[in-house]
Amino acid sequence: MEFTICPGCGVRLLKSDSLPEKKFNSSKECWELFCQLSALTPNYDEEFIHQMAIDTYEAQHGGGDTKNIAVVFGLAGLYLSLENNYSGRQVQKAHMVLGEKNKEWPKLEPPTFNWEYTVKDVLDSSLEKGLKEEIRKWAEVTWKGWGEQQKTIEDICNYYLS
(Lines give C-alpha, C1' and ligand atoms only; values in the text may rest on other atoms or scores of the structure.)
Protein backbone atom coordinates (compact mmCIF):
# COMPACT_ATOMS: atom_id res chain seq x y z
CA MET A 1 0.00 0.00 0.00
CA GLU A 2 1.28 3.41 -0.94
CA PHE A 3 0.18 6.62 0.77
CA THR A 4 0.20 10.28 -0.18
CA ILE A 5 0.35 13.35 2.05
CA CYS A 6 -1.76 16.33 1.03
CA PRO A 7 0.52 19.40 0.71
CA GLY A 8 -2.32 21.69 1.81
CA CYS A 9 -3.79 20.10 4.92
CA GLY A 10 -1.31 17.30 5.64
CA VAL A 11 -3.84 14.48 5.66
CA ARG A 12 -2.38 11.05 4.86
CA LEU A 13 -4.45 9.04 2.39
CA LEU A 14 -4.16 5.86 0.36
CA LYS A 15 -2.67 6.78 -3.03
CA SER A 16 -4.82 6.43 -6.14
CA ASP A 17 -3.58 6.76 -9.71
CA SER A 18 -7.03 7.01 -11.26
CA LEU A 19 -8.12 10.42 -9.98
CA PRO A 20 -8.59 13.58 -12.06
CA GLU A 21 -6.31 16.59 -11.78
CA LYS A 22 -6.69 18.73 -8.70
CA LYS A 23 -7.57 22.41 -8.50
CA PHE A 24 -5.80 23.47 -5.31
CA ASN A 25 -2.60 22.88 -3.39
CA SER A 26 -3.84 19.43 -2.50
CA SER A 27 -3.30 15.81 -3.28
CA LYS A 28 -5.68 14.30 -5.80
CA GLU A 29 -6.93 12.04 -3.03
CA CYS A 30 -7.78 14.96 -0.76
CA TRP A 31 -9.54 16.76 -3.62
CA GLU A 32 -11.59 13.59 -4.21
CA LEU A 33 -12.69 13.65 -0.56
CA PHE A 34 -13.81 17.25 -0.97
CA CYS A 35 -15.80 16.24 -4.05
CA GLN A 36 -17.48 13.51 -1.98
CA LEU A 37 -18.31 16.05 0.73
CA SER A 38 -19.70 18.45 -1.87
CA ALA A 39 -22.14 15.78 -3.00
CA LEU A 40 -23.49 15.67 0.57
CA THR A 41 -24.01 19.42 0.94
CA PRO A 42 -27.02 20.29 -1.18
CA ASN A 43 -27.26 23.84 -2.44
CA TYR A 44 -30.86 24.18 -1.36
CA ASP A 45 -30.51 24.02 2.41
CA GLU A 46 -31.47 27.20 4.24
CA GLU A 47 -28.00 27.89 5.65
CA PHE A 48 -26.21 26.90 2.42
CA ILE A 49 -23.55 25.08 4.44
CA HIS A 50 -21.89 24.13 1.14
CA GLN A 51 -20.40 27.63 0.97
CA MET A 52 -18.70 27.14 4.34
CA ALA A 53 -17.25 23.83 3.14
CA ILE A 54 -15.87 25.48 -0.01
CA ASP A 55 -14.36 28.36 1.95
CA THR A 56 -12.79 26.03 4.49
CA TYR A 57 -11.24 23.80 1.84
CA GLU A 58 -9.83 26.82 0.02
CA ALA A 59 -8.37 28.20 3.24
CA GLN A 60 -6.73 24.90 4.16
CA HIS A 61 -5.21 24.44 0.71
CA GLY A 62 -3.47 27.77 0.10
CA GLY A 63 -0.02 27.95 -1.42
CA GLY A 64 1.31 25.95 -4.34
CA ASP A 65 -1.06 26.10 -7.33
CA THR A 66 -3.89 27.76 -5.44
CA LYS A 67 -4.78 31.21 -6.74
CA ASN A 68 -4.60 34.18 -4.35
CA ILE A 69 -8.30 34.90 -4.84
CA ALA A 70 -9.26 31.42 -3.61
CA VAL A 71 -7.42 31.85 -0.32
CA VAL A 72 -8.63 35.42 0.28
CA PHE A 73 -12.22 34.54 -0.60
CA GLY A 74 -12.09 31.37 1.48
CA LEU A 75 -10.84 33.28 4.51
CA ALA A 76 -13.28 36.14 3.88
CA GLY A 77 -16.11 33.60 3.83
CA LEU A 78 -14.94 32.13 7.12
CA TYR A 79 -14.62 35.58 8.67
CA LEU A 80 -18.07 36.64 7.50
CA SER A 81 -19.80 33.42 8.54
CA LEU A 82 -18.01 32.74 11.84
CA GLU A 83 -17.43 36.29 13.10
CA ASN A 84 -20.43 38.07 11.55
CA ASN A 85 -23.04 35.28 11.34
CA TYR A 86 -23.49 35.51 7.56
CA SER A 87 -25.40 32.68 5.96
CA GLY A 88 -23.82 30.84 3.08
CA ARG A 89 -25.97 32.82 0.63
CA GLN A 90 -24.85 36.11 2.20
CA VAL A 91 -21.21 35.00 1.93
CA GLN A 92 -21.77 34.09 -1.71
CA LYS A 93 -23.16 37.59 -2.39
CA ALA A 94 -20.21 39.15 -0.53
CA HIS A 95 -17.84 37.18 -2.76
CA MET A 96 -19.60 38.65 -5.81
CA VAL A 97 -19.17 42.18 -4.45
CA LEU A 98 -15.49 41.54 -3.67
CA GLY A 99 -14.96 40.18 -7.18
CA GLU A 100 -16.57 43.25 -8.74
CA LYS A 101 -14.52 45.71 -6.68
CA ASN A 102 -11.06 44.21 -7.01
CA LYS A 103 -9.27 41.80 -9.36
CA GLU A 104 -5.90 41.43 -7.63
CA TRP A 105 -5.61 39.92 -4.17
CA PRO A 106 -2.61 39.59 -1.87
CA LYS A 107 -0.75 36.32 -1.59
CA LEU A 108 -1.29 35.05 1.94
CA GLU A 109 1.23 32.51 3.14
CA PRO A 110 -0.56 29.51 4.64
CA PRO A 111 0.26 28.19 8.09
CA THR A 112 3.16 25.75 8.07
CA PHE A 113 1.59 23.03 10.19
CA ASN A 114 -0.62 20.08 9.33
CA TRP A 115 -4.24 20.83 10.14
CA GLU A 116 -5.71 19.09 13.17
CA TYR A 117 -9.07 18.70 11.42
CA THR A 118 -9.50 18.08 7.69
CA VAL A 119 -12.11 17.16 5.10
CA LYS A 120 -11.36 13.51 5.93
CA ASP A 121 -12.32 14.10 9.56
CA VAL A 122 -15.57 15.76 8.49
CA LEU A 123 -16.50 12.78 6.35
CA ASP A 124 -15.43 10.27 9.01
CA SER A 125 -17.41 12.01 11.78
CA SER A 126 -20.46 13.36 9.99
CA LEU A 127 -22.57 10.22 10.28
CA GLU A 128 -22.21 10.22 14.05
CA LYS A 129 -22.39 13.93 14.81
CA GLY A 130 -24.15 15.59 11.89
CA LEU A 131 -22.68 17.04 8.73
CA LYS A 132 -23.42 20.71 9.40
CA GLU A 133 -21.88 20.54 12.86
CA GLU A 134 -18.74 18.88 11.51
CA ILE A 135 -18.34 21.39 8.69
CA ARG A 136 -18.69 24.22 11.21
CA LYS A 137 -16.06 22.61 13.47
CA TRP A 138 -13.73 22.26 10.47
CA ALA A 139 -14.32 25.92 9.58
CA GLU A 140 -13.63 27.10 13.14
CA VAL A 141 -10.37 25.13 13.36
CA THR A 142 -9.28 26.51 9.99
CA TRP A 143 -10.15 30.13 10.79
CA LYS A 144 -8.30 29.86 14.10
CA GLY A 145 -5.26 28.41 12.31
CA TRP A 146 -4.97 31.51 10.15
CA GLY A 147 -4.72 33.73 13.25
CA GLU A 148 -1.89 35.87 11.92
CA GLN A 149 -3.90 36.78 8.80
CA GLN A 150 -7.28 37.36 10.43
CA LYS A 151 -6.77 41.14 10.75
CA THR A 152 -5.82 41.37 7.06
CA ILE A 153 -9.02 39.57 6.07
CA GLU A 154 -11.12 41.70 8.41
CA ASP A 155 -9.59 44.85 6.87
CA ILE A 156 -10.26 43.60 3.33
CA CYS A 157 -13.90 42.85 4.15
CA ASN A 158 -14.43 46.15 5.92
CA TYR A 159 -12.83 48.12 3.07
CA TYR A 160 -14.64 46.45 0.17
CA LEU A 161 -17.94 45.51 1.81
CA SER A 162 -18.68 48.71 3.78
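The values are calculated or read from the model by the stated rules, or taken from the named source; none is laboratory data. These numbers come from a predicted model, not from an experiment. As a convention, Cβ positions derive from the backbone with ideal geometry for all residues, glycine included, and neighbour counts pool all protein chains shown.
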Of the candidates E104, E128, the one satisfying the condition of being surrounded by fewer than 23 Cβ atoms within 10 Å (Cβ to Cβ), modelled with pLDDT under 95 and not in a helix (DSSP H, G or I) is E104
Practice item. Return yes when F24 is part of a helix (DSSP H, G or I), among the aromatic types (F, W, Y) and closer than 29 Å to I156 by Cα and no when it is not. Key: no
Checked Y117, Y86, Y79 against criteria (over 19 Å from G10 (Cβ atoms), of a type outside the set (S, T, N, Q) and outside any helix (DSSP H, G or I)); the one match is Y86
Of the residues in region 39-85, those that are of a type in the set (S, T, Y) and farther than 17 Å from G99 by Cβ come to T41, Y44, T56, Y57, S81
Pairs returned, first residue in region 29-54 that is under 26 Å from N84 (Cβ atoms), second residue that is exposed (fewer than 15 other Cβ atoms within 10 Å of the Cβ), beta-carbon separation under 6 angstrom, 6 or more apart or interchain, are F48/R89; H50/N43
